[in-house]
Amino acid sequence: FTKIPKVSSDFQSRMPPYTKLLTKLEKVRELTNNTPLTLAEKILYSHLTNPEESLSASTPIADIRGNQYLKLSPDRVAMQDASAQMAMLQFMTTGLNKTFVPTSIHCDHLIVGRDGEGKDLPSSLTNNKEVFDFLESCAAKYGITFWGPGSGIIHQIVLENYSAPGLMMLGTDSHTPNAGGLGAIAIGVGGADAVDAMTATPWELKAPKILGVKLTGKLNGWSAPKDVITKIAGDLTVRGGTNHIIEYFGDGVKTLSCTGMATITNMGAEVGATTSTFPYQEAHKRYLYATGRKEIADAADMALNEYGFLKADEGAQYDKVMEINLSTLEPHVNGPYTPDLSTPITKYGEKSKTENWPQKISVGLIGSCTNSSYQDMSRVIDLVNQAAAVGLKPKIPFFVTPGSEQIRATLERDGIVKTFEDNGAIVLANACGPCIGQWDRTDIPKGSKEVTSIFTSFNRNFRARNDGNRNTMNFLTSPEIVTAMIYSGNAQFNPLTDSIKLDNGKDFKFQPPKGDELPQRGFEHGRNKFYPDTDPSPNPKVQVKVSPISDRLQLLEPFKPWNGKELKTNVLLKVEGKCTTDHISAAGVWLKYKGHLENISYNTLIGAQNKETGEVNKAYDLDGTAYDIPGLMIKWKKEHRPWTVLAEHNYGEGSAREHAALSPRFLGGEIIITKSFARIHETNLKKQGMLPLTFANEADYDKIHSGDVLETVGLVDMVAKDGNNGGFLDVKVTKPNGESFIIKTKHTMSKDQINFFKAGSAINYIGEQKRN
Ligand code: F3S
């Protein structure tokens, strides 16, 4: 592969190792009898630590998907400040003195949005000082690139700096697949998985199935890349992508911008997909050039044109194929409370009446990691300019979050920030803000019971996510539609067809938005203080800053190893219906305690609904005394009474939040049995030494009640057989009256995951391995 150009030292850490990947791919071809591969498989399998271990000529590719565990060596790790705290605390317990792959930390989740960067950033810096200091000291000690508060949102910065065609990266955030918009395989994981990659321990993933999405036609008028994914979410539902990589192909791909593709891959997380990716395109090349990475584009060109990498093979087979015609795609509005309740804009007004959704829209928010590209903002500002030209002002509060300092500075240079502000918008700091519940909302009283409707260009809309209020209905849509709705404030308004009455009595109708894919004058660098040292060296002399009296940071005590016996637990809670990681480990005010396991655990399952009583955050002790859920967990932990939680479908959907696994484990949980799990959460539970099981017969969920005793039957044998790569496990249920019966459950434990279980956690196991 001699035609792959050598890169200058500036780009070394940011260049996918194409020569190494192509060499591995050659081996993979041998092992798979030259079976045509999808793009996702080419990238994934070229990152196998040892192809011979995972692939064999006798196993057809189609049988590997969904069955075989792959051991992978990712190229890079990125972590956001909320999840990086626990990831670094776990990394520290391994005793290593540097990370083994390029790693970056991004301070974006802890910055509150209210009045704009000028006021919000200083107060967030003060309020989170010890956390930022801790992360900065970890970065300096272990040689990690540190993007400080105000520099931007992790996924935007990764897209601008690190994502590249053919790269494989892990990120401790569920929207890490955003980087797939630039042709990477980027997977959202928990901190313990990030530690695998940082310690160069092979990272394990069950080979996903591949869902092909064929795009034809070309977006036009009001339709935007966001509509591709909001439509797909409606079609697939929040579970439809589980254990699949979504791979886009077809002529329509050529018509999209790189940042538009990133919007689409970002929200693959909303259908539960492992990740999503696009084949290398001219649009990628334009974006790489615009972001100063010509060297990477040149190498990617060679990898594609000379060696056939970065695209699917002719004749590659997908497990399923969907088709979307971009030319006829309508804008969609998704919500409330779930991202898969998808309504085309033409039906939204009518549906809002029949569903009794608020007719007044109360706030509009644009930006976030999903939609803060230059293209998004330039299309939005076209609408703002149209309105301003006829004297029309926003009817409701309007917030904008730029994705990075580079985007903000470019928008400022091009007059877009000023136009926003002149027209009543508040431009917030370059951070997550309202998207992750860091929104100091002032237009309604705190704790208001009023049901309000907000329109956002974000990606997630679970209850209470944005303002902490369970009565707020968040409707997800494109930034263009959010902006048009801001000028009407009325759910019945369809900007494609309707006019707005002006003060002078005339009717005003928006023209479809127009914008630039990339800034015509190039990107502006912005303020230097927001840029880190690239590729810092580790410095073992640096002291990591953790105060022993801190209520926000706490060094970790390793979990106890398995005692070698069958598990015996009481059912603490039967959860009803949807239970996302926001229900299991709420964000908002709790983000403050991400680095303090004991303190954050007071939020465990506080959003869950008790199936037996219909109450939220209520569980009952064996004598019938009511507790809040974490309260009962703490009591049982003190009484040495291990517990099980039962739940329904897609338990743990939403984010990669590993506290949703750490806290239950910390509070004495041993088993979670569900009708089905969201993939990342199930893996996180295994990494923390818990036993996730699913009902072989879903009806058994109805036969078990809180207080019942559950005992595994055959766990010792299953462990002795290294888990058999998944299978069945019996569980004996004993009722308070002594009656008992056996139910069948399924597990998906691999050999490594059994080792995590035995050691008490994955980190314990990695530590043992590295020390020996
Ligand atoms: Fe930040 Fe995640 Fe939103 S990265 S912008 S909170 S989806």
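Bear in mind these aren't lab numbers, they're just calculated from the coordinates by the rules spelled out. All values reported here derive from a predicted model rather than from experimental measurement. Ideal geometry is used to build each Cβ from the backbone, glycine not excepted, and the neighbour counts take in all protein chains shown.
Here are a few things to note about the model shown:
- Projected label points at D507 and D298, each 7 Å from Cα along the beta carbon direction, are separated by 5.8 nanometres.
- Length gained when the stretch T442-A699 is fully extended (0.36 nm per residue, less Cα-Cα span): 87.9 nm
- Rg(Cα) / (2.2 N^0.38 Å) computed for segment 568-771, rounded to two decimals: 0.96
- Projecting the Cα atoms of L392, T370, G148 onto the dipole axis of the chain, where Lys and Arg carry +1 and Asp and Glu carry -1 at the beta carbon, places G148 farthest toward the positive end.
- Residue among N528, G437, P540 farthest towards the positive dipole end of the chain, charges placed on Cβ: P540
- Across segment 340-351, coupling constants 3J(HN,Hα) worked out from phi with the 6.51/-1.76/1.60 Karplus curve, θ = phi - 60°, read 9, 8, 9, 10, x, 4, 5, 9, 4, x, 4, 5 Hz, and Gly and Pro carry x.
- Computed over segment 645-744, the ratio Rg/Rh where both radii use C-alpha atoms and Rh is Kirkwood: 0.96
- Gap separating the Cα centres of segment 174-237 and segment 550-577, nearest whole Å: 31 Å
- Note on the chain: Kirkwood radius taken over Cα pairs, Stokes-Einstein applied at 4 °C and 1.567 mPa s, translational D equal to 49 µm² s⁻¹.
- Cross-link pairs K565/K618; K20/K214; K98/K545; K594/K687 - those with Cα-Cα distance over 23 Å: K565/K618; K20/K214
- Total charge dipole magnitude, the chain, about the Cα centre, Cβ charges on Lys, Arg, Asp, Glu only, Debye to nearest 20: 480 debye
- Rg over Rh, two decimals, segment 377-535 (C-alpha only, Kirkwood Rh): 0.99
- FRET efficiency estimate (nearest 0.05) - Cβ-Cβ, D63 to S740, R0 35 angstrom: 0.35
- Report note on the peptides 448-455, 529-536: ranked by the mean count of other C-beta atoms within 10 Å, highest first, their order is 448-455, 529-536.
- Centroid-to-centroid separation of segment 22-92 and segment 624-674 [C-alpha atoms, Å]: 32 Å
- Segments 378-391, 587-600, 666-679 sorted - mean Cβ within 10 Å per residue, highest first: 666-679, 587-600, 378-391
- Inter-label distance, nm, simple model (7 Å from Cα along the C-beta direction), Q359/T49: 6.2 nm
- Virtual spin-label span in nm between E330 and T534, 7 Å along Cα→Cβ: 4.7 nm
- Entry note, segment 65-140: relative contact order of 34 percent, from Cα contacts under 8 Å with a spacing of 6+ residues.
- Across segment 535-544, rounded Karplus estimates of 3J(HN,Hα) from the backbone phi angles (6.51 cos²θ - 1.76 cosθ + 1.60, θ = phi - 60°) give 6, x, 8, x, 9, x, 6, 5, 8, 6 Hz, Gly and Pro being marked x.
- D319/K732 FRET efficiency (R0 30 Å; Cβ-Cβ; nearest 0.05): 0.25
- Debye, to nearest 20: dipole size of segment 330-520, +1 on Lys, Arg Cβ, -1 on Asp, Glu Cβ: 580 debye
- Estimated dipole of segment 39-327 in Debye, rounded to 20 [Cβ of Lys and Arg +1, of Asp and Glu -1, Cα centre]: 280 debye
- Dipole of segment 568-771 computed with +1 at Lys/Arg Cβ and -1 at Asp/Glu Cβ about the Cα centre; of G767, F666, L622, farthest Cα towards the positive end is G767.
- Our note on the geometry: Cα centres of segment 681-756 and segment 390-463, 46 Å apart.
- On full extension, the segment bounded by H640 and F1 gains 224.1 nm, given 0.36 nm per residue less the C-alpha separation.
- Global size of segment 13-115 as Cα Rg and Dmax, reported in angstrom: 18.2, 62
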